[in-house]
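Participant: One structure, pasted below without further comment.
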Amino acid sequence: MSGFVFETTPRIVCAQGAATGIGALATELGARHLFIVTDRFLHDSGLTAGLLAGLADAGLAHTLYTDVLADPPEASVEAAVAAAVAAGADGVVGFGGGSAMDTAKLVALLAKTPQALPEIYGVGLAKGPRLPLIQVPTTAGTGSEVTPIAILTTPSDEKKGVVSGCLYPDAAVLDSTLTLGLPPHITAATGIDAMVHAIEAYTSRHKKNPLSDALALQALKALHDSIRVVLADGRDAVAREAMLMGSLFAGMAFANAPVAAVHALAYPLGGRYHLPHGLTNALVLAPVLAFNRPAAARLYAELERHLDPAASRDDDSASLAFIERMTALVADMPFDRTLRGNGVGEADLELLARDAMAVQRLLVNNPREVTCEDALGIYRAVY
């Protein structure tokens with residue numbers, strides 16, 4: 001490699017109870033009226049209480065927006081932008097999972113620099129400036145707090161991304177106390193999602209670099225070693241923090257070395273069937289790894305040796321062991337691991353394969369070229 005560029009969120013705060021100190025961060029960024037983007041469930045569950053109390057202590061005004069939808073449709077983002085403008089907000093906090101944080105990114109951008117969403121899908125089309133933006137993840141999965149990406153659902157049920165450096169948040173706040181009550185099925189799906197980020201960043205055909213590799217390895221190890229622990233004891237604060245850190249490292253990695261076929265095949269399942277993103281990644285992970293193995297055996301072997309230093313020095317054997325390890329891990333997760341069991345109709349598999357082929361932004365990063373017939377075969381393998 002002759003050179004590379006690495007970018008990430010400039011400030012990261014990690015501490016139990018850190019969400020209560022966001023007022024000081026916002027003040028440093030020049031914000032006096034924060035627009036809090038979250039969902040009704042998180043607010044009603046009391047998770048926003050510490051954040052809101054901290055803002056009051058700092059003397060900051062806020063507007064609470066709780067109408068975030070999963071896999072945010074364009075219309076829901078546009079409504080959030082309008083609400084932020086009407087409130088006169090001069091800063092934005094994303095509080096929640098990927099949907100809340102992705103919505104917050106676009107609110108911060110579009111409330112300051114109006115642009116039509118269909119005109120900014122793709123890489124580098126969205127332009128700043130934006131409002132100050134702080135992200136607070138309440139799941140360990142998306143890594144959105146350190147990526148320049150926002151994923152939306154279009155009116156035609158496609159998932160499209162706005163990718164631009166102006167979407168990097170000003171600060172990410174990791175507070176493991178916010179994740180202690182996360183239900184097992186969400187813990188599992190989001191944790192696998194973060195592991196996919198690490199795996200695909202490490203094996204990406206484009207922009208893979210020494211920093212993204214180091215972060216991907218650290219992320220995969222932290223997530224792999226912690227996910228079963230938090231599923232057994234969701235109140236284990238040390239393991240919960242390790243999951244958050246793993247998700248953050250994986251987010252840093254794939255923001256710079258982009259994801260590939262697992263995500264490309266997962267997107268149509270989310271768009272057409274509105275299945276959670278982490279779940280859709282988990283469903284197609286094992287068959288995509290098996291498909292990629294002829295082109296990625298050396299890299300999969302390196303991942304296996306990082307997880308198990310005693311693994312075979314033979315790349316063929318170690319890569320197979322890695323795929324078996326990940327297949328077994330997904331099999332241990334508390335959700336149905338078939339497309340059929342998640343409501344996907346067999347008659348739709350060809351449509352899903354065609355939809356996946358439209359996600360060339362990600363497929364070009366895959367270690368092995370994927371055809372429509374390949375995509376159909378992967379869907380059939382987990383049907």
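The values are calculated or read from the model by the stated rules, or taken from the named source; none is laboratory data. The structure presented is a predicted model; accordingly, all values stated were derived computationally and were not measured. As a convention, Cβ positions derive from the backbone with ideal geometry for all residues, glycine included, and neighbour counts pool all protein chains shown.
Participant: Among the residues of the range 92-113, what is the count of those that are touching a helix residue (DSSP H, G or I) at 6+ places or on another chain (Cβ under 9 Å) and not in a helix (DSSP H, G or I)?
Facilitator: The total comes to 8.
Participant: Which of (1) modelled with pLDDT of 95 or more; (2) part of a helix (DSSP H, G or I) does Gly271 not meet, given it meets every other one?
Facilitator: Here Gly271 clears every test but (1).
Participant: Output the residue which, of all residues in the range 53-63 that are surrounded by 17 or more Cβ atoms within 10 Å (Cβ to Cβ) and in contact with a Leu (Cβ under 8 Å, 6 or more places away or on another chain), is farthest from Gly88 (Cα to Cα). Can you show your working first?
Facilitator: We begin by selecting, within the range 53-63, every residue surrounded by 17 or more Cβ atoms within 10 Å (Cβ to Cβ); these are 54-55, 58, 60, 62.
Filter again for in contact with a Leu (Cβ under 8 Å, 6 or more places away or on another chain), leaving 55, 60, 62.
Details: Leu55: 17, Leu60: 13, His62: 10 Å.
Once the filter is applied, the top-ranked residue is Leu55.
Participant: Now for a different question. Considering only residues that are out of contact with any Pro (no Cβ under 8 Å at 6 or more places or on another chain) and either assigned to a loop (DSSP other than H, G, I, E, B) or among the hydrophobic types (A, V, I, L, M, F, W, C) (or both), which ones fall in the range 159-172?
Facilitator: Val162, Pro169 - these are the residues of the range 159-172 that are out of contact with any Pro (no Cβ under 8 Å at 6 or more places or on another chain) and either assigned to a loop (DSSP other than H, G, I, E, B) or among the hydrophobic types (A, V, I, L, M, F, W, C) (or both).
Participant: Follow-up. Of Leu231, Leu223, which residue is within 15 Å of the chain's Cα centre (by Cα) and assigned to a helix (DSSP H, G or I)?
Facilitator: Leu223
Participant: Still on this structure, I have one more. When you scan the range 91-104, do you find a residue that is over 19 Å from the mean Cα position of the chain (by Cα) and among the acidic types (Asp, Glu), even just one?
Facilitator: Checked the range 91-104: no residue is over 19 Å from the mean Cα position of the chain (by Cα) and among the acidic types (Asp, Glu).
Participant: Going through Asp315, Asp332, Asp355 one at a time, which residue ends up being surrounded by 15 or more Cβ atoms within 10 Å (Cβ to Cβ), of a type outside the set (Phe, Trp, Tyr) and closer than 23 Å to Pro276 by Cα?
Facilitator: So the residue among Asp315, Asp332, Asp355 that is surrounded by 15 or more Cβ atoms within 10 Å (Cβ to Cβ), of a type outside the set (Phe, Trp, Tyr) and closer than 23 Å to Pro276 by Cα is Asp355.
Participant: Considering each residue of the range 341-363, count those that are within 14 Å of Tyr383 (Cα to Cα) and not in a helix (DSSP H, G or I), and give that number.
Facilitator: Counting residues in the range 341-363 that are within 14 Å of Tyr383 (Cα to Cα) and not in a helix (DSSP H, G or I) gives 3.
Participant: Further, regarding this structure: If a residue has to be within 17 Å of Val146 (Cβ to Cβ) and within 17 Å of the chain's Cα centre (by Cα) to count, how many in the range 194-210 make the cut?
Facilitator: Total satisfying the criteria: 9.
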